[in-house]
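One structure below.
The values are calculated or read from the model by the stated rules, or taken from the named source; none is laboratory data. This is a predicted model, so every value here is computed, not measured. Reconstructed Cβ throughout: ideal geometry from the backbone, glycine too, with neighbour counts over all protein chains shown.
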Amino acid sequence: MVALTSVAFGCFQKITEVNLKAAKAAFVGQQGVAAALAANDPLARRLQSNLIQPATESALAYTRQIQEIVAAAQVEFQQVIDADHEQNGRRAQDYVAHVVKHLPACADAVEPDLHGPRRL
């Protein structure tokens, strides 16, 4: 359970970093546009329309980064789950082997019923 929590926290941390970078980039980009628009400059209006393509590309890059982080986290989750499943399987096999090993000692203590089930 600790390993899964660690993977989830790592994923959360990476997503937070990507979000912070995206927010900073958006803020810096919008500052220049806002200043130019406040001056009511016709060039600023053309600049604003020219910023749509880079903003779209930034949004797509952001989406790709998030998808990569989530995909990597899914792989890590699956690795942790597989390792845990394998370990539990080995524990179960060891337990059965232990029981079988000690079964003859227990079987000698019980008298066998040679006559089969009793009929009424």
Given the conditions (1) more than 30 Å from Ser6 (Cβ to Cβ); (2) at pLDDT below 85; (3) surrounded by 10 or more Cβ atoms within 10 Å (Cβ to Cβ), every one holds for Ala25 apart from (1)
Is it the case, given these coordinates, that Lys14 is loosely packed, with under 14 Cβ neighbours inside 10 Å, at pLDDT 85 or above and closer than 15 Å to Tyr62 by Cα? no
Could you tell me whether segment 35-57 includes any residue that is hydrophobic (A, V, I, L, M, F, W, C), part of a helix (DSSP H, G or I) and at pLDDT 85 or above? no
